1. Report, by chain and number, residues whose modeled amide H sits under 5 Å from the one on Ala84, excluding near sequence neighbours (fewer than 5 apart, same chain).
2. Could you tell me which of the pairs Lys140/Lys211; Lys183/Lys211; Lys187/Lys211 are separated by over 21 angstrom between their Cα atoms in the structure shown?
3. Express in Å², to the nearest 10, the accessible area of Phe227 obtained by rolling a 1.4 Å probe over the protein heavy atoms while all chains stay in place.
4. Calculate one ³J(HN,Hα) per residue across segment 191-207 by plugging θ = phi - 60° into the Karplus curve 6.51 cos²θ - 1.76 cosθ + 1.60, and present them in order as whole Hz with x for glycine and proline.
5. Counting only residues 5 or more places away or on other chains, whose amide H sits under 5 Å from the amide H of Ala120 once H atoms are built in the peptide plane?
6. For a quick check of understanding: with a 1.4 angstrom probe and all protein chains in place, what accessible area in square angstrom does Arg123 have, to the nearest ten?
7. State the extension gain, in nm to one decimal, for the chain segment bounded by Lys187 and Thr239, taking 0.36 nm per residue of separation less the distance between their alpha-carbons.
8. Sort 142-149, 203-210 by packing, meaning the average of other beta carbons within 10 Å per residue, with the highest value first.
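The values are calculated or read from the model by the stated rules, or taken from the named source; none is laboratory data. No experiment lies behind these values; they were computed from the predicted model shown. FYI the Cβ positions are ideal-geometry reconstructions off the backbone, even for glycines, and counts take in every protein chain you see. Accessible surface is based on the protein model in full, side chains and every heavy atom, while ligands, DNA and RNA are left aside. Shrake-Rupley method; radii C 1.70, N 1.55, O 1.52, S 1.80 Å.
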Amino acid sequence: MAKQYHMDEVKLMEVYNKNRDKNQNMHDEIREQNAKLKNAPFKEKAAYFKEYYLKATLIIIAVVVLIGYIAYSMITAPDDTAFAAYFFNNIGDSSSTELLDNFVEYAGIDTKKHDAYIDATMRYSASGGDMYSGYIDIEKSMAVIASKELDVIVGDKEAFDYYSKSEVFSDVTTILPDDLMDKFKDKLYYYTNEETNETLPLGIDVSDAPKLQEYHYYDGMTAYFGFIVNSDNIDNAITFLRYIYEE
């Protein structure tokens, strides 16, 4: 037993020495590179930073912005949110509040007592695009969903499929009242979970919604509407669906 213990110690020392030598070599290389760059032209310094530090720096900035956004939202938000929707990949005027302003009046939401918002700046792309902006939007949406502050997501197929795969949507047939079920029965969007092979109606094709067309959110695009599975404001989410079909 003593011999085995000694051999284990030897092996541990070998691993320690290898790691120490590796770390020392890395430190030496870093010092050497820094020494070379000390008097190098700005162009070379910029290229070195881009090669070795830019990606990590951007990720750190994204995380800091996300944490700041969540903290700010928690501090400044009213006691509760009466309605919240994220519009992904739309082409309308994301700075306009007309759709929201008219909806809260239609729904009778007192915005002095309750928060209500539509964030039409959200972006998602599985094939690239602005990777860091998209990463922030995904993290932001998941944080808001986890806090039960989001009721609806509207988006193109690419974005909607991502959130369908993430299992954030309710089966719309369990949400819609009979009159809306009859209205949208031919517009349901079915998503198949590749892991469970289960197919569920998680969305509604709202491309022809008059209010979305009025504000040009998804002109020439197919847009899907989904109810967030843990929403505390399903009644207002249903009212919003009714509203966007008002002539």
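1. Sorted by chain and number, the residues that satisfy this are Tyr117, Asp151, Val152.
2. The pairs that break the limit, which is 21 Å between Cα atoms, are Lys140/Lys211.
3. We get 0 Å² for Phe227.
4. My calculation for segment 191-207 gives 10, 9, 6, 5, 6, 9, 6, 8, 10, 9, x, 9, x, 10, 6, 10, 4 Hz in order.
5. Those qualifying (amide H under 5 Å, at least 5 residues apart or on another chain) are Phe87.
6. 90
7. 16.9 nm
8. My ranking of the peptides, most packed first, is 203-210, 142-149.
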